[in-house]
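Presented below is the structure to which this report refers.
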Amino acid sequence: MHKPLLAGITALAVGATTLIAIASPAAAAAATRQVIYATDPDDGYLVALDANTYEFLTYLDGVGAKPTGVTVSPDGARAYIAGFSGSTVAVVDTATSTTTANVEVGPGPMSIAVSPDGARVYVTSTTKLSVIDARTNAVVATVQVGSQPSDVAVSPDGRRAYVADESGASLKVVDTASNTVTATVSVPGQPQHIAVTPDGRRVYVANSAGTGSVSAIDTETNTVTATIPTNDGARDIAITPDGTRAYVPGDRTVRVISTATNTVTETVTGFGAPKSVAITPDGTRAIVTGNDHNLVVIDTATNTAKATEDDLGFNPVGLAIATVHPAPPTASLVLTTQPESNRVFWDTSGSKHGFGIYIGQSIDWGDGNTGINAPNFHEYAHGGTYTVTLTVTDELGMKATTSQQITLQPVTRWFAMLSASNLRYVSAEGAGAQPLVGNRTTAGPWEALAQVDVGGGAVVFRATVNGKYLTVDAAGKLTANAAAIADASRFKVITGGDGKFSLLSVSNNRYVSGNNGSGPLTADRAAIGPWEQFYATRSTDRQFISMTNYKYVTAENGGKSPLIANRDAPGLWETFDEIEAGDGYIALFSHANQRFVVAENGGNAPLVANRTAVGPWEKFYVEYGWNSTITVRAYANNRFVTAESGGKSALIANRTQPASWEQFSGL
């Protein structure tokens, strides 16, 4: 049974290292942005649109069952959404588009208003008005306001709340200091929505019953001073910031009312079934919902309407316009390194979105590679110190980055070192207690080494037998006696021809010599000669079985005769080591006589184990088949090795295509 050098080798007893980097939003605070919030009761979303371009910005789910009414705090920091089919009001942080609380207010919440100072939130539900403390998100009072309250508005001074009682055909006036109803004003029809003028002197009530009308109420006397017919119903109402006009959606039109004369001055057409209306803070536009999956924008200077081109994908119901402070995303990067590995495992699940829900992410690995792919690790070609940077980008283009520095010292190969001068293996003599010496005919645990890439073109070596790293002492002798990688001596691997290599000690700039096996390895040579060259063995004790007769391949007559597949059981003559010969090729080193197998006469003669060095005729390429068999192709003539005559004749590399005689089991 062959033994790959990595089999049975245990890494040092150190665990994986996890490094965490979390960036609070590194980007400068984003400029304020005017946002249209619209509720989608059918799908349960709150959608955010750009108030200037009407483009989709982001959306939130989890804002209640069938969300209808929506409003935003005066500072734009919080949005409140009524879940009509449920019993809660969702509180949304507008900067990060996250729901921070769900406040229980009872069945059927419909409409919401916020006090001018942002301290109180008023919500209509079933028969009552709930008062929420905005600091604690707790209901602090309830007020009975009729049998079917449909809308609520707060006076500019915050002293009164006005509630439309649809079934009671009235407007309830609530004192916000005592949370009691102080007046009831009768209005015609069924009051749906209300709006207060900026000076607080009048309340306008949209009545939907019959042909529809708007009631103008004097807030000093709590009396109706005018009833303005709208002829096609009145579903909502909004007043311009200067208080001069009110916009009232009906069945197919939007009526414009002059608050100076309390008369309809214009009728804006081009609507299907308008539902809600909101005025932009600068008063230049009235935004109307409910027109076949889009918005209709009315220019308040000309009172002309134009539908937005973007299909929202739903019919919005509730509507609010606010100035918000969008937050950028937060980047979180967790990197886990494993001892002596060139793989770094990543986890970015701690990254959080800001205003934009969707975030894209990319990692710059610091080695010229970028991107994130499955599986969740990145493999470095060399050891060293790298700065890894994660960048997350939201749908608005806002970014956050975070970086983490890692140091890798991966094992790039497990091998035994075969001295080219005497064809003996280098051993960590005395189980690592004595200097290394090249005197062993076969490789075992004392001869197994791990090559560790420490970056900058340098490597260190660890002896498997004791888990310690090689050092170069003052006399140049190599010994496996360093417990920590930081104390190991650095080497540079100088690659030669046909798989040979030499080692240059970084500490004294001298080449390592095997001294032809006559003494310990020493880093004391100024130039490379025969004694300073080595081969790397990547697996040992390998045997081959011909699949044509199921016999072991042997170096017949102790290597003096050609290889032939005629043995029933393996021994020394049937055992080989696999030597790296460069460019993916291997050489086979026979245990029978410590010689390399050659495709004799450029492949024209049978294979025989009689060479002391690796050249073109001693190089082979092993290919693995689908059924766990292998084929062996000679570098000398690019022909496949065959067990000639079904295994009765010597092995020879003379086949252009593999068949059953050319298949082996490589144990």
Search result, residues across segment 496-509 that are buried (at least 18 other Cβ atoms within 10 Å of the Cβ) and part of a helix (DSSP H, G or I): D498, G499
I'm trying to understand the selection: among the residues of segment 408-422, which are out of contact with any His (no Cβ under 9 Å at 6 or more places or on another chain) and either surrounded by 19 or more Cβ atoms within 10 Å (Cβ to Cβ) or in a strand (DSSP E or B) (or both)? Q409, V411, R413, W414, F415, A416, M417, L418, S419, A420, S421
I need the full set of residues from segment 91-112 which are in a strand (DSSP E or B) and either over 20 Å from S147 (Cβ atoms) or touching a helix residue (DSSP H, G or I) at 6+ places or on another chain (Cβ under 7 Å) (or both), in order please. V91, V92, D93, T98, T99, T100, A101, N102, V103, E104
Can you spot a residue in segment 460-481 that is touching a residue at least 60 places away in the same chain (Cβ under 8 Å) and either closer than 18 Å to F534 by Cα or among the small types (G, A, S) (or both)? yes
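Within segment 176-183, is there a residue that is surrounded by fewer than 23 Cβ atoms within 10 Å (Cβ to Cβ), part of a loop (DSSP other than H, G, I, E, B), in contact with a Lys or Arg (Cβ under 8 Å, 6 or more places away or on another chain) and of a type in the set (A, V, I, L, M, F, W, C)?
yes
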Residue ID - surrounded by the fewest Cβ atoms within 10 Å (Cβ to Cβ), chosen from residues in segment 84-123 that are under 30 Å from A331 (Cα atoms) and not aliphatic (A, V, I, L, M): T100
Quick one: would you say V103 is under 20 Å from Y162 (Cα atoms), among the β-branched types (V, I, T) and modelled with pLDDT of 95 or more? no
More than 30 Å from W365 (Cβ to Cβ), part of a loop (DSSP other than H, G, I, E, B), among the β-branched types (V, I, T) and modelled with pLDDT under 95 - does that describe any residue in segment 316-333? yes
Could you say which residue among N654, N601 is out of contact with any strand residue (DSSP E or B) (no Cβ under 8 Å at 6 or more places or on another chain) and either modelled with pLDDT of 95 or more or at positive phi (or both)? N601
Candidate set: segment 146-173, residues that are modelled with pLDDT of 95 or more and in a loop (DSSP other than H, G, I, E, B); chosen: the one surrounded by the fewest Cβ atoms within 10 Å (Cβ to Cβ): D157
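Can you find even one residue in segment 510-521 that is among the aliphatic types (A, V, I, L, M), assigned to a strand (DSSP E or B), touching a strand residue (DSSP E or B) at 6+ places or on another chain (Cβ under 7 Å) and buried (at least 21 other Cβ atoms within 10 Å of the Cβ)? Walk me through how you get there before you give the answer.
Taking segment 510-521 first, the residues among the aliphatic types (A, V, I, L, M) are 512, 521.
Still in the list and also assigned to a strand (DSSP E or B): 512.
After this cut, where a residue has to be touching a strand residue (DSSP E or B) at 6+ places or on another chain (Cβ under 7 Å) as well, the list is 512.
Still in the running and buried (at least 21 other Cβ atoms within 10 Å of the Cβ): 512.
Taking every residue of segment 510-521 in turn, at least one turns out to be among the aliphatic types (A, V, I, L, M), assigned to a strand (DSSP E or B), touching a strand residue (DSSP E or B) at 6+ places or on another chain (Cβ under 7 Å) and buried (at least 21 other Cβ atoms within 10 Å of the Cβ).
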When segment 468-488 is checked residue by residue, the ones that are small (G, A, S) and either touching a Phe, Trp or Tyr at 6+ places or on another chain (Cβ under 8 Å) or modelled with pLDDT under 95 (or both) are A480, A482, A483, A484, A486, A488
Positions within segment 357-372 being more than 12 Å from the chain's Cα centre (by Cα) and either acidic (D, E) or at pLDDT 90 or above (or both), in sequence order: D364, W365, G366, D367, G368, N369, T370
If you scan segment 199-221, which residues turn out to be under 19 Å from D157 (Cβ atoms) and over 53 Å from the mean Cα position of the chain (by Cα)? R201, R202, I217, D218, T219, E220, T221
Can you spot a residue in segment 422-435 that is touching a strand residue (DSSP E or B) at 6+ places or on another chain (Cβ under 7 Å), within 23 Å of Q533 (Cβ to Cβ), hydroxyl-bearing (S, T, Y) and in contact (Cβ under 8 Å) with a residue 12 or more places away in the chain? yes
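Search segment 61-90 for residues being assigned to a strand (DSSP E or B) and free of Cβ contacts under 8 Å to residues at least 60 places away in the same chain, and hand back the single one that is nearest to V196 (Cα to Cα). Let's see the steps before the verdict.
Let us first name the residues in segment 61-90 that are assigned to a strand (DSSP E or B), namely 67-72, 78-83, 88-90.
Remaining after also requiring free of Cβ contacts under 8 Å to residues at least 60 places away in the same chain: 78, 80, 83, 88-90.
Values: R78: 22, Y80: 19, G83: 24, T88: 26, V89: 23, A90: 25 Å.
Across segment 61-90, the extreme among qualifying residues is Y80.
Among the residues in segment 387-406, are any aliphatic (A, V, I, L, M) and farther than 30 Å from P326 by Cα? Outline the logic, then answer.
Step one: list which residues in segment 387-406 are aliphatic (A, V, I, L, M), which gives 388, 390, 392, 396, 398, 400, 406.
From what is left, the residues that are farther than 30 Å from P326 by Cα are 406.
Yes, segment 387-406 contains a residue that is aliphatic (A, V, I, L, M) and farther than 30 Å from P326 by Cα.
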Residues in segment 475-487: is at least one polar (S, T, N, Q) and not in a strand (DSSP E or B)? no
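Those residues that are part of a loop (DSSP other than H, G, I, E, B) and either aromatic (F, W, Y) or under 18 Å from I298 (Cβ atoms) (or both), I need them from segment 226-240; list them, please. Walk me through it before giving the result.
From segment 226-240, those part of a loop (DSSP other than H, G, I, E, B) are 230-237, 240; that's our starting set.
Within segment 226-240, T230, D232, G233, A234, R235, D236, I237, T240 qualify.
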Checked segment 302-315 for anything modelled with pLDDT of 90 or more and outside any strand (DSSP E or B); matches are T302, N303
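Conditions (1) within 30 Å of S502 (Cβ to Cβ); (2) outside any strand (DSSP E or B); (3) outside the structural domain of V622 (by TED's automatic domain parsing), marked per residue:
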residue: A527; (1), (2), (3): yes, yes, yes
residue: T554; (1), (2), (3): no, no, no
residue: A565; (1), (2), (3): no, no, no
residue: A587; (1), (2), (3): yes, no, no
Take R33 and tell me if it is over 27 Å from the mean Cα position of the chain (by Cα), at pLDDT 90 or above and under 30 Å from I363 (Cα atoms). yes
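Residue by residue, here is whether (1) touching a residue at least 40 places away in the same chain (Cβ under 8 Å); (2) under 13 Å from I586 (Cα atoms); (3) in contact with a Lys or Arg (Cβ under 7 Å, 6 or more places away or on another chain); (4) assigned by TED's automatic domain parsing to the domain that holds A555 holds:
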{"position": "S628", "(1), (2), (3), (4)": "no, no, no, yes"}
{"position": "F640", "(1), (2), (3), (4)": "no, no, yes, yes"}
{"position": "G647", "(1), (2), (3), (4)": "yes, no, yes, yes"}
{"position": "A659", "(1), (2), (3), (4)": "no, no, no, yes"}
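Restricting attention to segment 523-540, which residues are in contact (Cβ under 8 Å) with a residue 40 or more places away in the chain and surrounded by fewer than 20 Cβ atoms within 10 Å (Cβ to Cβ)? Lay out the reasoning, then the answer.
If we filter segment 523-540 for residues that are in contact (Cβ under 8 Å) with a residue 40 or more places away in the chain, which is where we start, we get 523-524, 530-531, 533-540.
Once the filter is applied, which keeps residues that are in contact (Cβ under 8 Å) with a residue 40 or more places away in the chain and surrounded by fewer than 20 Cβ atoms within 10 Å (Cβ to Cβ), segment 523-540 yields D524, P530, R538.
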So if I check each of V493, V454, V437, V460, which one is buried (at least 16 other Cβ atoms within 10 Å of the Cβ) and in contact with a Pro (Cβ under 7 Å, 6 or more places away or on another chain)? V437
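The values are calculated or read from the model by the stated rules, or taken from the named source; none is laboratory data. If you're wondering where the values come from, they're calculated on a predicted model, not measured in any experiment. Virtual Cβ from ideal backbone geometry, glycine too; neighbours counted across all protein chains shown.
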